[in-house]
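Inspection log for the structure reproduced underneath, given as structure tokens.
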Ligand SMILES: Cc1ncc(COP(=O)(O)O)c(C=O)c1O
């Protein structure tokens, strides 16, 4: 049973009185715990935190202090890391299809590690960063991920040797292979399958004269949800055992995002309106689909809404966001205690792919962020952790 960061009622009320809703509270201690959990489970694996999942400066700085490396998707993320003083040596530009602006930024900031999955990309990388170190991303079929990235990315394994030669012929350093089983993968089998596929390709590459040195096993490790418990340490141990068997002497990287940042944030929002439509109660919140709840659309998530009301009587309700768009509905038919305007709602496990994709549509400001460790000593000392 993992423990996760979860505010208590008194803390939520005190913080809401100080900061006004909506706001996110991020626990850096939880960031550290999640990083340590991955390090322990995957043992000797270099962690490249996927910045896209939650790029908050304080999360990135906390991980940097722990020795983490970083996976970036764009020029913007490279510039952020440069601003924070993170060495380009610690960065892999792991978007298989890069913009010219991204490559120019890599050149200027000194980033020289890349992933690719097509021939055109090789020419682009070689033009901007001659001699760059490249990992070929392999497509992994039959994953059971909630978000299957293999529908968009990854070279057919049968194309691997040809693409490695193409990279070498353009003067790049084909250093290894990578894959991403897809985000929120709850079973270990796709990782094991991917490791076996890559082991076969490493053999073929050796016979073809390559010296592949790195295997990047990507991201995809799950975070718990409203309805799902996960045992990431157990998954990590099985993955590590497969790596020990198939890649005992290879440098291993991983690019976790969600598992590091998913449980680190709690959202606090407030009921701003209430009505009845088609026989169902509707509650309007001051945060919605265009804000932190953007993960409903982009990340297919289903969030817990804790109301701090312990009334046994529950009613089915629709929760909607504050914008004028009818798409801005968070959940329908959710059994909930009866609420009033101004009641506070807590949304735990709200750190991954939430604020990262929030917008200011309709003129609503992004939810403020409060760092828990900066404010906690001034707050009521209610229970901070709960078992999930
Ligand atoms: C290339 C790459 N690496 C890592 C990640 C992080 O994945 P996750 O948050 O599932 O660990 C992503 C997510 O989209 C990705 O595209």
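The values are calculated or read from the model by the stated rules, or taken from the named source; none is laboratory data. Bear in mind the structure is a predicted one, so any value in this text is a computation, not a measurement. Quick reminder, even Gly has a Cβ in these numbers, built from the backbone with ideal geometry, and neighbours come from all protein chains shown.
Only one of the listed residues (206, 226, 213) is at pLDDT below 95 and surrounded by fewer than 17 Cβ atoms within 10 Å (Cβ to Cβ). That residue is 226.
Here is a check on your reading of the model: is residue 375 surrounded by fewer than 16 Cβ atoms within 10 Å (Cβ to Cβ) and within 17 Å of residue 14 (Cα to Cα)? So residue 375 fits the description; yes. Only residues that are farther than 21 Å from residue 113 by Cα, buried (at least 18 other Cβ atoms within 10 Å of the Cβ) and touching a helix residue (DSSP H, G or I) at 6+ places or on another chain (Cβ under 8 Å) were counted in the stretch 38-66, giving 7. Do we have any residue at all in the stretch 135-148 that's away from the ligand (no atom under 16 Å from the Cβ), touching a residue at least 24 places away in the same chain (Cβ under 8 Å), within 25 Å of the chain's Cα centre (by Cα) and assigned by TED's automatic domain parsing to the domain that holds residue 252? Within the stretch 135-148, one or more residues are away from the ligand (no atom under 16 Å from the Cβ), touching a residue at least 24 places away in the same chain (Cβ under 8 Å), within 25 Å of the chain's Cα centre (by Cα) and assigned by TED's automatic domain parsing to the domain that holds residue 252. Before we move on, is residue 121 under 26 Å from residue 200 (Cβ atoms) and either away from the ligand (no atom under 16 Å from the Cβ) or under 21 Å from the mean Cα position of the chain (by Cα) (or both)? Criteria not met by residue 121.
Is it true that residue 195 is outside any loop (DSSP other than H, G, I, E, B), in contact (Cβ under 8 Å) with a residue 40 or more places away in the chain and over 26 Å from the mean Cα position of the chain (by Cα)? Full working, then the answer.
Values: outside any loop (DSSP other than H, G, I, E, B): yes; in contact (Cβ under 8 Å) with a residue 40 or more places away in the chain: yes; over 26 Å from the mean Cα position of the chain (by Cα): no.
So residue 195 fails the test.
Checking the stretch 247-255 against the condition returns a match, with at least one residue being within 16 Å of the ligand (Cβ to nearest atom), touching a helix residue (DSSP H, G or I) at 6+ places or on another chain (Cβ under 7 Å), modelled with pLDDT of 95 or more and over 21 Å from residue 345 (Cα atoms).
Here is a yes/no grid of residues against (1) under 29 Å from the mean Cα position of the chain (by Cα); (2) in the same structural domain as residue 299 (by TED's automatic domain parsing); (3) at pLDDT below 95:
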{"residue": "342", "(1), (2), (3)": "no, yes, no"}
{"residue": "349", "(1), (2), (3)": "yes, yes, no"}
{"residue": "353", "(1), (2), (3)": "yes, yes, no"}
{"residue": "361", "(1), (2), (3)": "yes, yes, no"}
{"residue": "365", "(1), (2), (3)": "yes, yes, no"}
{"residue": "373", "(1), (2), (3)": "yes, yes, no"}
{"residue": "380", "(1), (2), (3)": "no, yes, yes"}
{"residue": "383", "(1), (2), (3)": "yes, yes, yes"}
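Which of the strands (runs of 3 or more DSSP E) found entirely inside the stretch 236-333 contain at least 3 residues meeting this: surrounded by fewer than 20 Cβ atoms within 10 Å (Cβ to Cβ) and touching a residue at least 60 places away in the same chain (Cβ under 8 Å)?
Numbers: elements: 251-254, 265-277, 280-285, 314-320.
Per the criteria, 265-277.
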